[in-house]
Amino acid sequence: MTGGRGGAGFRLGALALGFGFLYLPIAVLVAYSFNNSRLVTIWGGFSTRWYGALIENEKFLAAALTSLEIGIMAASLALVLGTCAGLAMNRFTRFRGRLLFGFMLMAPLVVPEIILGLALLLLFVAAQSWVGWPAGRGMLTVTIAHATVGACFVAVLVRAQLAGFDRSLDEAALDLGARPFAVLWQITLPEISPALISGWLLAFTLSLDDLVIASFVSGPAATTLPMAVYSSVRVGVTPEINALATLFLATVSALVALAFWVMARQERRRVRAG
């Protein structure tokens, strides 16, 4: 009994240490976003002055809006491409070039971001010289780059979800006269909706978080929020950075909570229908 209690205490302590290592710095950042002092390491009392200063900072607001626009477009495009790729890898087990396609699909997951950024930059420069498109580097090139990387993560989630999918549902619908597109839209996609929601959120988060790839493929008119924060932090951390990080943390947490609520609601409906 003593050994069991000691082992449980050790596991609880290790768990608390791990969570503390991960989340304590975030908690300190959130707390100091309400600091009245201009110095980020000295507590000067509770205040929301830096949130007001952040609202008046046009540089950060423009960068945040650019990141949100790119993130939404890139995540949506990655969802379409990744879903198609995951369906192809799961449903078509034999086609010419399947191994090469699977390798190319997994490669961006392990290749360093600096290599991906350089490769995409060379691709855009070559395409501009050959066909004249894209005309320059900006939001379009960043969106394409982020969608390319995000589609690989979506494909992995969709393929994993389809591995446990009951194909008899599709076969029964086809036997009853449903068209393949109707089966895909009304049966397959709703059944793998948790993977689709998770894939979109993951692609959106990766787009918001990316700094390396965006630095290669963006132009002066497409400064993302990580780029703006990095350029600001290089000369010193200000309380506005803490406020900005807190707002984005709250936004991402709200999106994740909404996704869990939607998936839980769909699961309850599936249980009732079953």
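Structural remarks
- Entry note, the chain: relative contact order of 30 percent, from Cα contacts under 8 Å with a spacing of 6+ residues.
- Of Arg91, Arg234, Arg49, the one that fluctuates the most in a GNM where the chain has Cα springs shorter than 10 Å: Arg234
- Estimated FRET transfer efficiency when R0 is 25 angstrom, pair Leu61-Ser37 (beta carbons, to 0.05): 0.60
- Of the chymotrypsin sites (Phe, Trp or Tyr not before Pro) in region 35-140, the ones in a loop by DSSP (not H, G, I, E or B) with at most 14 other beta carbons within 10 Å are Trp43, Phe92, Phe95.
- Mean Kyte hydropathy of 0.0 or more with a Cα span along the axis of at least 18 Å, helices from DSSP in the chain: 2-32, 58-91, 98-110, 113-131, 139-163, 193-209, 239-273
- FRET efficiency for the Leu22 to Ser47 pair, using the beta carbon distance and R₀ = 25 Å, is estimated at 0.35.
- For the chain, the mean residue ellipticity at 222 nm estimated from helices alone is -25500 deg cm²/dmol, where every DSSP H run of n ≥ 4 contributes -39500 (n - 2.57) and the total is divided by all residues, rounded to the nearest 500.
- Full extension of the chain segment joining Ala126 with Val111 gains 3.3 nm, where the gain is 0.36 nm per residue of separation less the Cα-Cα distance.
- Residues with amide H under 5 Å from that of Asn35, placed H, sequence gap 5 or more: Ser47
Every number in this text was worked out from the coordinates using simple rules, so none of it is lab data. These numbers were taken from a predicted model, which means no experiment stands behind them. When we count neighbours, we look across all protein chains shown, and the Cβ atoms used for this are built from the backbone with ideal geometry, even at glycine.
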